[in-house]
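For reference, the structure discussed in these notes is given below.
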Amino acid sequence: PETVDQDYHFEQVSAWPQSSLQLGQVSGLALDSDSNLVIFHRGDHHWGADSFNNQARYQQRSLGPIQQSAILVVDPSKGSILKASGRNMFFLPHGITTDKENNYWVTDVALHQVLKVSSDGKDRTLMALGEAFIPGSDNNHFCQPTDVAVDTESGNIFVSDGYCNARIIKFSADGKYLSEWGAGSSDRRRRIPFQIPHSLVLLPDKKEICVADRENGRIQCFIAETGEFVKEIKKDEFGGEVFAVSYIPTGDGLIFAVNGESLSRPVPIRGFVIDYSTKDILDTFSPNKKEFKMPHDIAETRDGSVFVGDASSKSVYKFTTEKLHHSVK
Ligand SMILES: O=C(N[C@@H](O)C(=O)O)c1ccccc1
């Protein structure tokens, strides 16, 4: 009998985007409900060594907000800009997620806030969590929050907080603090606290939250309802840093991740496709001619394209798989 052993490998689509998107540091990627790519970038602002003082206070307020459109909606097949918004409201963009009404949920590490913003081009702020420019670690403050995940069923939102906190916080759809987990976890398998929970994703079919625990070079997954630890994915191939995690419920579930530069454990900087159940690395990928510099977020479309945003090279890369069919007798 002939069985088709479907194998695949991601390759960069080198002709994408067809024309330059004039991007600043790319910090976040998301897909909207039309499966268009949403890019969150920093225009002419940069996160450098002197952007914050040692109390995590943003030092460049005098620059004012980014005047370029920080939120670009881009056609996934050609890379042309379909919509541009988010002017004059952000200082240091970080994470972006869309909800089922196509609102943008973003984090800004200079504002120390999570904002729910309309995608109708009017940039209406529908909700603001945290106090602008004021870092903190109570129920109403964040410290450089990094990302948001939205549970479309319950409406609950999850915030990875952040560079200068070490927790995941759960809020109701209308912004009420519900619970948090992280630093001093009681679970013996989570003795080591988060070290920059840098990105998170909801697994809709498993009702779990997976977190890129950046400086611990690992991905940890939790029951979304309770924060109970489920599993950890830590690979030598990651080196010391995992910057972003994403997920599609294909088969047993596929985890997508990008690693980062680690001086202590230099390894190639790549994208990874990992089987959620077996934790096997199914594929790795990187740009054809250039190297990744600081791949900062990763997102995939329903038709199987993968996009990686690089904060250092101010670029977005597209990858697709040609399905290599070979028959096995
Ligand atoms: O990690 C950093 N940045 C990236 O994640 C980012 O740009 O989001 C950073 C940390 C300290 C100083 C300067 C940059």
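The values are calculated or read from the model by the stated rules, or taken from the named source; none is laboratory data. Treat the numbers as computed from the prediction; the structure is a model and nothing was measured. So basically every Cβ, Gly included, is an ideal-geometry build from the backbone, and we count neighbours across all protein chains shown.
Below, the figures for the structure above:
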| item | result |
| --- | --- |
| Count of region 8-39 residues which are within 12 Å of the ligand (Cβ to nearest atom) and over 11 Å from LEU92 (Cβ atoms) | 2 |
| Residue ranges of strands (runs of 3 or more DSSP E) in region 268-315 with at least 1 members within 16 Å of the ligand (Cβ to nearest atom) | 295-300, 306-310 |
| Selected residue [in contact with a Lys or Arg (Cβ under 9 Å, 6 or more places away or on another chain) and more than 26 Å from PHE158 (Cβ to Cβ)] from GLU225, GLU291, GLU261 | GLU261 |
| Among (1) surrounded by fewer than 20 Cβ atoms within 10 Å (Cβ to Cβ); (2) within 16 Å of the ligand (Cβ to nearest atom); (3) at pLDDT 95 or above, the one test that ASP213 misses | (1) |
| Residue within region 84-91 that is more than 18 Å from THR301 (Cα to Cα), assigned to a strand (DSSP E or B), away from the ligand (no atom under 14 Å from the Cβ) and at pLDDT 95 or above present | yes |
| Matching residues in region 109-123 - criterion: being outside any strand (DSSP E or B), touching a strand residue (DSSP E or B) at 6+ places or on another chain (Cβ under 7 Å) and not polar (S, T, N, Q) | VAL109, ALA110, HIS112, GLY121, ASP123 |
| Only one of TYR317, TYR247 that is in contact with an Asp or Glu (Cβ under 8 Å, 6 or more places away or on another chain), among the hydroxyl-bearing types (Ser, Thr, Tyr) and buried (at least 22 other Cβ atoms within 10 Å of the Cβ) | TYR317 |
| Subset tally (residues that are under 15 Å from LYS116 (Cβ atoms), more than 16 Å from the ligand (Cβ to nearest atom) and in a loop (DSSP other than H, G, I, E, B)) for region 139-191 | 9 |
| Index of the failed condition, VAL74 passing every other in (1) surrounded by fewer than 21 Cβ atoms within 10 Å (Cβ to Cβ); (2) in contact (Cβ under 8 Å) with a residue 12 or more places away in the chain; (3) farther than 29 Å from LYS176 by Cα | (1) |
| Any pair with Cβ under 9 angstrom, 6 or more apart, that starts in region 47-58 at a residue that is closer than 22 Å to GLY24 by Cα and ends at one that is basic (Lys, Arg) | none |
| Residue match in region 138-153 (condition: under 28 Å from PRO193 (Cβ atoms), aromatic (Phe, Trp, Tyr) and free of Cβ contacts under 8 Å to residues at least 40 places away in the same chain) | yes |
| Candidates SER262, SER186, SER172, filtered to the one that is among the polar types (S, T, N, Q) and modelled with pLDDT of 95 or more | SER172 |
| Filter result (touching a helix residue (DSSP H, G or I) at 6+ places or on another chain (Cβ under 8 Å) and of a type in the set (Phe, Trp, Tyr)) within region 189-228 | PHE194 |
| ASN259, sole failed condition from (1) farther than 14 Å from VAL211 by Cα; (2) of a type in the set (S, T, N, Q); (3) within 16 Å of the ligand (Cβ to nearest atom) | (1) |
| Of residues in region 192-201 being within 21 Å of VAL109 (Cα to Cα) and of a type in the set (A, V, I, L, M, F, W, C), the one nearest to the ligand (Cβ to nearest atom) | ILE196 |
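Here is a yes/no grid of residues against (1) over 25 Å from LEU203 (Cβ atoms); (2) buried (at least 21 other Cβ atoms within 10 Å of the Cβ):
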residue: ALA128; (1), (2): yes, no
residue: PRO135; (1), (2): yes, yes
residue: HIS141; (1), (2): yes, no
residue: GLY155; (1), (2): no, no
residue: PHE158; (1), (2): no, yes
residue: ASN165; (1), (2): no, yes
residue: LYS170; (1), (2): no, yes
residue: GLY175; (1), (2): no, no
